[in-house]
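Okay, structure first, notes after.
Every read-out reported here was derived from the displayed coordinates using simple, explicitly stated rules and does not represent laboratory data. Predicted model only: the values in this text are computed from it and were never measured. Methodologically, a virtual Cβ is constructed for each residue, glycine included, from the backbone with ideal geometry; neighbour enumeration extends over all protein chains shown.
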Amino acid sequence: MTAPAAAKEERERAAKPAGRERVFEVAPEEELLYSMSADGKRKFIRPVLHRGRYWKVRRAMAWGLFVLFVALPLVPLGGHPAVHLDLGQRLFHVLGTTFHPTDNVLLLLFGFGVIVTVFFVGSTFGRMWCGYACPQTVYLEFFFRPVELFLEGTPPAQRKLNAAPMSARKAGIKTAKWAIWTLLALLLASTFVAYFVSWKGLLAGLASPGEATGALGTVAFLTALMLFDFGWFRDQMCTVACPYGRLQSVMADPDTILVAYDAKRGDPKVKVKDRVAGVAAGDCIDCRSCVNACPTGTDIRRGLQSECIGTAQCIDACDEVMLGQKKPIGLIKYTSEREEAGGTRRLVRPRNLIYLALLTLAWGSLAFLLLTRADALVEIVRGGREPYRLLVTGEVANQQRLRVTNQLDVPQSFSVEVLSPGGARLVLAGGPVDVPPEKVVTVNVVTTVPAEVFRDGQATARYLVTSDRGFRKEVEFLLLGPWGKEAGR
Ligand code: SF4
Ligand code: SF4
């Protein structure tokens with residue numbers, strides 16, 4: 001074989017790695033934003049899809065998360081959807097447990113747990129959250145973009161179609177794409193709203209739209225927002241709008257997992273056609289396949305950048321090229337700054353241990369409080385306008401309000417008796433307090449005690465609250481009464 005023929009064959013082999021067509025495109029070269037051209041106009045990024053090993057993992061996760069997202073407000077658990085954040089009733093049904101606004105400690109622990117988990121994940125796994133689990137990436141890369149790929153073809157075909165004059169074929173394809181996208185966005189938006197109003201409430205709202213303008217309006221607004229985002233805004237959500245990328249630089253350390261190009265192995269980058277015997281060349285053939293695969297247009301060969309959202313598409317793309325070149329895969333790979341500098345990545349390090357301890361504390365305390373959660377909450381607060389009243393019988397009366405929260409999904413009937421001080425009596429208008437499932441009932445009560453039990457105008461009363469479902473709790477309340485002469489002392 002002659003030298004030019006060999007070079008031609010080498011080029012063809014590089015252009016068709018691992019049995020799939022590869023599309024070479026002009027990728028952005030700007031230093032600032034890859035999605036912006038030199039004159040400040042947006043460059044619409046159309047990444048070339050590589051169905052490699054990491055893409056398959058991401059696809060499995062994407063479908064798992066999608067199924068979970070759809071199932072949570074749909075599947076019943078304990079008489080309610082698995083997740084129903086009922087803002088109107090101020091009740092939060094989560095996996096068979098109902099929370100009330102009074103469960104502020106649980107909500108606080110939940111919020112703290114989420115924040116610490118974000119820091120732990122960000123510090124340990126870098127931007128894997130963005131690439132594998134963020135709804136923006138999941139829905140764009142595995143639901144919206146595949147529709148475009150199916151109807152319009154590969155990125156060059158998409159560009160060609162966009163540049164072509166309007167025709168019946170072009171109008172048909174564009175209409176079909178936006179129609180499918182609208183249905184998808186409608187499904188996602190409705191599911192999201194169902195978390196707050198339930199599917200039952202949403203479907204009832206469809207039957208009488210006048211009574212559900214809030215819910216239906218939110219569905220319409222979210223649908224439009226998703227079409228704008230997934231249809232046009234796309235990568236700019238990650239590179240311009242989302243603060244997580246900036247936060248990542250605070251959370252990361254030299255051991256954080258990141259996607260990096262192995263410059264020692266890859267440089268100097270020499271194109272296949274320029275490779276001649278005797279010229280120093282690394283393994284990178286400067287094909288830009290990694291750049292063209294990137295959903296944010298990032299050239300990872302320039303080092304770690306905030307635009308990298310950790311999709312690992314550049315790894316899958318480069319692995320294909322390396323296989324085509326009959327070279328080991330992993331020229332772009334998951335690594336860490338420490339490994340890049342020749343060290344060994346530390347899995348256990350002080351920062352991680354602190355995050356791990358805090359998140360164990362937060363989620364552990366939350367689990368403990370949930371498991372030991374009482375069937376009811378009982379609170380006695382002061383009622384009436386005056387602190388106390390002296391009765392003709394010589395007793396002192398304190399008006400109070402008894403607030404009972406039934407935390408079960410069955411009705412409960414509550415009784416209250418006063419345990420101390422001696423001679424105390426409780427007047428509970430209407431007898432036992434019947435509280436429907438997951439509701440709060442407040443009733444007026446009066447406690448009367450002999451005047452002589454007061455010391456410095458105060459006396460502590462103890463009550464026992466029980467229910468027909470076995471609930472039992474002792475509650476204390478500080479009674480106010482006469483002081484000094486008024487008390488007859
Ligand atoms: S790193 Fe790999 S995919 Fe990227 S230009 Fe070099 S050879 Fe091509
Ligand atoms: S540089 Fe690689 S890992 Fe980062 S976003 Fe682009 S394709 Fe994904």
From the Cα centre of the stretch 458-485 to that of the stretch 247-307, the distance in Å is 71 Å
To the nearest 20 debye, the stretch 283-427 has a Cα-centred charge dipole, built from +1 on Lys and Arg Cβ and -1 on Asp and Glu Cβ, of 440 debye
The farthest towards the positive end of the charge dipole of the chain, of the residues 192, 128, 461, given +1 on Cβ of Lys and Arg and -1 on Cβ of Asp and Glu, is 128
For the table 273/333; 174/271; 41/327; 160/264, the rows whose alpha-carbon distance is greater than 27 Å are 174/271; 41/327; 160/264
Taking 0.36 nm per residue of separation between residue 240 and residue 68 and subtracting their Cα-Cα distance, the length gained on full extension comes to 59.1 nm
So, with points 7 Å from each Cα along the Cβ direction, the residue 247-residue 382 label distance in nm works out to 4.3 nm
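Could you give the Stokes-Einstein D for the chain in µm² per second, using the C-alpha Kirkwood radius, 20 °C, 1.002 mPa s?
Numbers: Rh = 28.2 Å.
For these conditions, the coefficient is 76 µm²/s.
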Out of 387, 157, 371 - ranked by how far each Cα lies towards the positive end of the dipole of the chain, with unit charges on the beta-carbon of charged residues - the top one is 157
Taking the dipole of the chain about the Cα centre (Lys, Arg +1; Asp, Glu -1; charges at Cβ), the one of 214, 140, 443 that reaches farthest to the positive side is 140
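Once you have the Kirkwood Rh of the stretch 98-141 from its Cα pairs, apply Stokes-Einstein at 10 °C and 1.306 mPa s and quote D in µm²/s. Each step should come with its number before you reach the end.
On the way: Rh = 12.2 Å.
It comes out at roughly 130 µm²/s.
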Dimensionless Rg/Rh of the stretch 185-300, both radii on Cα and Rh by Kirkwood, sits at 1.27
With 0.36 nm assigned to each residue of separation and the Cα-Cα distance removed, residue 335 to residue 372 gains 9.0 nm
About its Cα centre, the stretch 376-487 carries a charge dipole, from +1 on Lys and Arg Cβ atoms and -1 on Asp and Glu Cβ atoms, whose size in debye to the nearest 20 is 140 debye
The simple spin-label model distance between residue 415 and residue 204, using points 7 Å out along Cα→Cβ, in nm, is 3.6 nm
Calculated from DSSP helices alone, with each H run of at least 4 adding -39500 (n - 2.57) and the total divided by the residues of the chain, [θ]222 nm to the nearest 500 comes to -12000 deg cm²/dmol
Phi-derived 3J(HN,Hα) across the stretch 304-311 with the Karplus relation (6.51, -1.76, 1.60, θ = phi - 60°), rounded Hz, x for Gly and Pro, is 5, 9, 5, 6, 6, 9, x, 7
Rounded to the nearest Å, the spacing of the alpha-carbon centers of the stretch 331-396 and the stretch 121-174 is 40 Å
Applied in sequence order to the stretch 258-270, the curve 6.51 cos²θ - 1.76 cosθ + 1.60 (Karplus, θ = phi - 60°) yields integer Hz couplings, x standing for Gly and Pro, of 8, 9, 9, 8, 7, 5, 4, 7, x, 8, x, 6, 9
Distance in nm between residue 104 and residue 263 label points, each 7 Å along Cα→Cβ, equals 5.3 nm
Computed about the Cα centre, the charge dipole of the chain from +1 Lys/Arg and -1 Asp/Glu charges at the Cβ has a magnitude in debye, to the nearest 20, of 1420 debye
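Packing-wise, with mean Cβ within 10 Å as the measure, how do 250-262, 194-206, 170-182 rank, highest first?
Working: 250-262: 19.4, 194-206: 17.4, 170-182: 14.2.
In decreasing order of mean packing, 250-262, 194-206, 170-182 become 250-262, 194-206, 170-182.
Exactly which GluC sites (Glu not before Pro) in the stretch 131-208 are in a DSSP loop and have at most 14 other Cβ atoms within 10 Å?
On the way: sites: 141, 148, 152; in loops: none.
Answer by residue number: there is no such site.
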Counting every C-alpha pair in the stretch 376-487, the percent lying more than 21 Å apart is 36 percent
